[in-house]
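Working notes, structure below.
Throughout, read-outs are computed from the coordinates displayed, never taken from laboratory work. Being a predicted model, the structure only gives us computed values, none of them experimental. Don't worry about glycine lacking a Cβ; one is built from the backbone with ideal geometry, like all the others, and counts go over all protein chains shown.
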Amino acid sequence: MKTVGIIGGIGPESTIEYYRRIHALYRECIPDGRAPSILINSIDNKKLLAFVEANELSELAQYLTAEVEKLARGGATFALLAANTPHLVFDSVAQHSTISLISIVEATCAAAKARGLSRLGLLGTRFTMQSSFYPDALSRRQIELVVPNKEEQGWVHEKYMQELLKGIILPETRERLMAMIKALKERSQIDGIILGGTELSLILRDETVFGVQVLDTTQIHVEAAVAELL
């Protein structure tokens, strides 16, 4: 049996969601009662965010590589970085890891292509919305990406850090996020929206919002992990 290793704690709430969803999907696929083999390394998200804030990406990559190696030594046969933001250094971590890693970005972009989407919006931390990793991966699939304006990005980032990472789910935040998706559709004619923060799947569980397909990166990553387990 393969073992999935999860670098969690980057978003504690979504780490719990990963565990639940992997179990649930695995049992749907293997209905004889067997459970998947999972290792979780819950790391210090403040340390990670400090590296990101200071743009110390080499240090971030070294930190994450060392944490992935703990999973490898524990018996994991492959691993996930259970968040979008650390994919700033995914390629470096994957290059130096002794076990394979499944990219949330590549899995999400492949899902968008499979659904026939052509123009996507992106919500997430400021780091994710301003990074090139989603635009680059999507452009290879001939898919356009648009992001919220600077003011909207600041609001999403603040709500992500001060509410969602702490497990605070407020209806007014959900309504504003939905309104932002509607505005992106009206301004840029998006046909899909990437929930580019794994905590966003806790507040926006809809399959569509105002006719826009929702790409839940947590669920897509979980599906890729279970496919590898099987």
| query | Using alpha-carbon pairs under 8 Å, 6+ residues apart, how would you state the relative contact order of the chain in percent? | reply | 24
| Going down the table (Lys113/Lys150; Lys47/Lys166; Lys70/Lys166), which pairs top 18 Å between alpha carbons? | Lys113/Lys150; Lys70/Lys166
| How many percent of DSSP beta bridges within the chain run antiparallel, rounded to 5? | 5
| task | Would you please state which residues of segment 191-225 a label at Ala179 would reach in this model, taking the label point 7 Å out along Cα→Cβ and a backbone N cut-off of under 15 Å? | result | none
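Can you give the % of DSSP beta bridges in segment 105-217 that are antiparallel, to the nearest 5?
Around 15 percent of the beta bridges assigned by DSSP in segment 105-217 are antiparallel ones.
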| segment 9-47 and segment 65-80: distance between their alpha carbon centers, rounded to Å | 15
| field | CD proxy at 222 nm, helix term only [per DSSP H run n ≥ 4: -39500 (n - 2.57); per residue of the chain; nearest 500] | value | -16500 deg cm²/dmol
| query | With θ set to phi - 60° and the Karplus curve 6.51 cos²θ - 1.76 cosθ + 1.60, what are the ³J(HN,Hα) couplings of segment 46-61 in order, to the nearest whole Hz, using x for Gly and Pro? | reply | 5, 5, 4, 5, 5, 4, 5, 4, 7, 6, 8, 6, 5, 5, 4, 4
| remark: Treating every alpha carbon of segment 1-135 as one equal point scatterer without solvent, the Debye formula yields log10 I(q)/I(0) values at q = 0.12, 0.20 Å⁻¹ of -0.50, -1.27
| query | Packing-wise, with mean Cβ within 10 Å as the measure, how do 190-200, 26-36 rank, highest first? | reply | 190-200, 26-36
| Directionally averaged projected area (convex hull, Cα atoms, the chain), nm² | 12.0
| query | Sequence-distant or interchain residues sharing an amide H contact under 5 Å with Gly192, placed H: which? | reply | Arg119, Gly121, Gln213
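Report, in cubic angstrom per residue, the convex hull volume of the C-alpha atoms of segment 105-217.
Details: hull volume 9.9 nm³, N = 113.
With only Cα atoms used, segment 105-217 gives 87 Å³ per residue.
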| task | For Phe78, list long-range residues whose amide hydrogen, built 1.01 Å from N in the peptide plane, is under 5 Å from its own amide hydrogen. | result | Thr3, Gly5
| note | The summed charge of the Glu13 Cβ neighbourhood (under 12 Å; Lys/Arg +1, Asp/Glu -1) stands at -1
| remark: Most exposed to least, judged by fewest other Cβ atoms within 10 Å, Ser131, Ser118 sort to Ser118, Ser131
| note | So, over other residues within a Cβ distance under 15 Å of Leu165, counting Lys, Arg +1 and Asp, Glu -1, the net charge is -2
| remark: A correct fewest-to-most ranking of Thr128, Thr3 by other Cβ atoms within 10 Å would be Thr3, Thr128
| query | How big is the gap, in Å, between the Cα center of segment 83-110 and the Cα center of segment 200-219? | reply | 22
